[in-house]
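Worksheet for the structure shown next.
The values are calculated or read from the model by the stated rules, or taken from the named source; none is laboratory data. Keep in mind the model is a prediction, meaning the values are calculated, not measured. Reconstructed Cβ throughout: ideal geometry from the backbone, glycine too, with neighbour counts over all protein chains shown.
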Amino acid sequence: MGPEGTFTEQALRSLPEAGGSSLLAAATAAQALAHVWRGAAEAAMLPVHNTVAGPVPDTLRALVESPAPVVVREVVLDVEFALLVRPGTPLSRVRTVSGHPHAGTQVRRWLSSHVPHARWIAAPSNAEGARRVKDGECDAAVAGLFAAARYGLEAAGTGIQDSSGAATRFLLCAHRGAARIPVPGCAHRTSLIGRFPSRSDQLTVHLQKLKKHPFLQEVSLNVVHDGPDSRLLLADCPGRMDRPETARAVGLLQLSLPGLRSLGSYASAHHVMSPSERSRIMTGKATAEADVSVEPAPGDVTRLREKIDALDQSLIGALQQRLTASKEIQRLRMGDGGARIDSGREHAIRDRYTQTLGDGGGAVADAVLEMCRGQASR
Ligand SMILES: O=C(O)C(=O)C[C@]1(C(=O)O)C=C[C@@H](O)C=C1
């Protein structure tokens, strides 16, 4: 599960079936999977993707290098970070900050405005960062607030993430043959993983072409760098392998990218847990029925609203990322003497929204574009 006091531990504790099990700490994703292969653990919970920081390379690498892992369950948590220090340490005395690189990416702005002179020291996990602070090896750690009590630290800042609504996706992985955890009424996903030799953007260009195929419209492809000439790819297809559309997408992917290995089909998570739900889980007050992945029944307004809230959170997170990318393009273009607006590109974007969402999509595209580049001068 990773060391104690991580979001990964929270993800594991959120599963009712983990209630009666003893949890085994591991420093890295590779170590957690090694516990599974040695038979010391039945399954390993691994963080795989964050809406702000992207895929987690260590996890993808560990999955690729493992004999034949399968995913048995997925959990999604919204993440909020705190800056943890030894009690009584003022921000002005913070010279070094540690945490997982993914956490660092999500709090960069806060750190540069509140502790501008502090040096970032990457750690294999946020909990290891907190341990370093406890043992005096570092002044502060970026971690979940729940880690403070575990390491005898206090928060010098809470809710320090630059974007609200960020969520991390975790996969519970086991060896092939392990029983899938049935979640009645839940949607499923089928994932594939592989490592490919690739110079510069070769693989990305290949995938962009492949993505245009009608079988792959719903598939999500995540590529991460794994050294200068190597890339890791995680492909997620909606549905189970016994659904024809899923089988077709998986078949086409494996045909086009030999070496892409299936991680199996599993119950997918829709619900993003709120911090209060999570704190109940971490303090052991969760009920055994606290199943986070069940799809709401058609008449269940409360559950449907929860689903809408979770979807809105993802939309807000995605919009924040879009705003940052858009502003960067505009900055570069204007730096080269160009205009803020590229109307050809805007037309193409608007068309895409209208084609998939109908007329209302055009209005959404206009609002999104206006948010990203300001009002167009008429
Ligand atoms: O793609 C670009 O060139 C951008 O500047 C980004 C963007 C957008 O937000 O999508 C913003 C302004 C331009 O008029 C077109 C598109």
- Message: So R180 ticks every box in (1) at pLDDT 90 or above; (2) under 30 Å from D312 (Cα atoms) but one. Which box is left unticked?
- Response: (1)
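Among the listed residues A288, A267, which satisfies the condition of being closer than 30 Å to D242 by Cβ, modelled with pLDDT of 85 or more and either more than 16 Å from the ligand (Cβ to nearest atom) or of a type in the set (D, E) (or both)?
Working: A288 fails: modelled with pLDDT of 85 or more.
The conditions single out A267.
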- Query: Does segment 101-115 contain any residue that is assigned to a loop (DSSP other than H, G, I, E, B) and modelled with pLDDT of 90 or more?
  - Reply: yes
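Each row is one residue, and each column tells you yes or no for (1) part of a loop (DSSP other than H, G, I, E, B); (2) buried (at least 18 other Cβ atoms within 10 Å of the Cβ).
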position: S191; (1), (2): no, yes
position: L207; (1), (2): no, yes
position: K212; (1), (2): yes, no
position: R231; (1), (2): no, yes
position: Q254; (1), (2): no, no
- Query: In segment 324-347, what residues are over 30 Å from R109 (Cα atoms) and either more than 9 Å from the ligand (Cβ to nearest atom) or of a type in the set (V, I, T) (or both)?
  - Reply: H347
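Quick check on segment 39-55. Is at least one of its residues part of a helix (DSSP H, G or I), over 21 Å from the mean Cα position of the chain (by Cα) and closer than 20 Å to G177 by Cα?
Within segment 39-55, the first condition is being part of a helix (DSSP H, G or I), and the residues that meet it are none.
So far as segment 39-55 goes, no, none of its residues is part of a helix (DSSP H, G or I), over 21 Å from the mean Cα position of the chain (by Cα) and closer than 20 Å to G177 by Cα.
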- Have a look at V97, V36, V64 and point out the one that is part of a helix (DSSP H, G or I), more than 16 Å from the chain's Cα centre (by Cα), buried (at least 21 other Cβ atoms within 10 Å of the Cβ) and not assigned by TED's automatic domain parsing to the domain that holds G194. V36
- Here the qualifying pairs (Cβ atoms under 6 Å; residues six or more apart or on different chains; first in segment 338-349 and closer than 14 Å to G374 by Cβ; second near the ligand (Cβ under 7 Å from one of its atoms)) come out as R340/Q330; R340/R373; E346/L369
- Is segment 148-155 home to any residue that is farther than 29 Å from H35 by Cβ, in contact with a Pro (Cβ under 9 Å, 6 or more places away or on another chain) and surrounded by fewer than 24 Cβ atoms within 10 Å (Cβ to Cβ)? yes
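Are any of the residues in segment 195-202 at pLDDT 85 or above, in a helix (DSSP H, G or I) and polar (S, T, N, Q)? Show your work before the answer.
Initially, segment 195-202 is screened for residues at pLDDT 85 or above, giving 195-197.
When the remaining residues are screened for being in a helix (DSSP H, G or I), the result is none.
Scanning segment 195-202, I find no residue that is at pLDDT 85 or above, in a helix (DSSP H, G or I) and polar (S, T, N, Q), so the answer is no.
Which residues, taken from segment 1-13, are of a type outside the set (D, E, K, R) and either modelled with pLDDT of 85 or more or touching a Cys at 6+ places or on another chain (Cβ under 9 Å) (or both)?
Taking segment 1-13 and keeping what is of a type outside the set (D, E, K, R), we get 1-3, 5-8, 10-12.
Answer for segment 1-13, where residues must be of a type outside the set (D, E, K, R) and either modelled with pLDDT of 85 or more or touching a Cys at 6+ places or on another chain (Cβ under 9 Å) (or both): F7, T8, Q10, A11, L12.
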- Message: Just to be sure I understand the filter: pairs with C-beta atoms under 6 Å, separated by 6 or more residues or on different chains, first member in segment 46-60 and under 10 Å from T168 (Cα atoms), second member surrounded by fewer than 21 Cβ atoms within 10 Å (Cβ to Cβ) and among the small types (G, A, S). Which pairs pass?
- Response: T51/A167; T51/G317; V52/S163
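Kindly indicate whether any position in segment 195-207 is outside the structural domain of T356 (by TED's automatic domain parsing), within 30 Å of G39 (Cβ to Cβ) and in contact (Cβ under 8 Å) with a residue 60 or more places away in the chain. Write out each step before concluding.
Restricting attention to segment 195-207, the residues satisfying the condition of being outside the structural domain of T356 (by TED's automatic domain parsing) are 195-207.
Still in the running and within 30 Å of G39 (Cβ to Cβ): 195.
Among the residues that remain, those that are also in contact (Cβ under 8 Å) with a residue 60 or more places away in the chain are: 195.
Yes - at least one qualifying residue is present in segment 195-207.
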- Query: Of the residues that make up segment 214-224, is at least one without any contact (Cβ under 8 Å) to a residue 40 or more places away in the chain, more than 26 Å from R73 (Cα to Cα) and among the β-branched types (V, I, T)?
  - Reply: no
- Message: Out of V224, V250, I need the residue that is outside any loop (DSSP other than H, G, I, E, B) and at pLDDT below 90. Which one?
- Response: V224
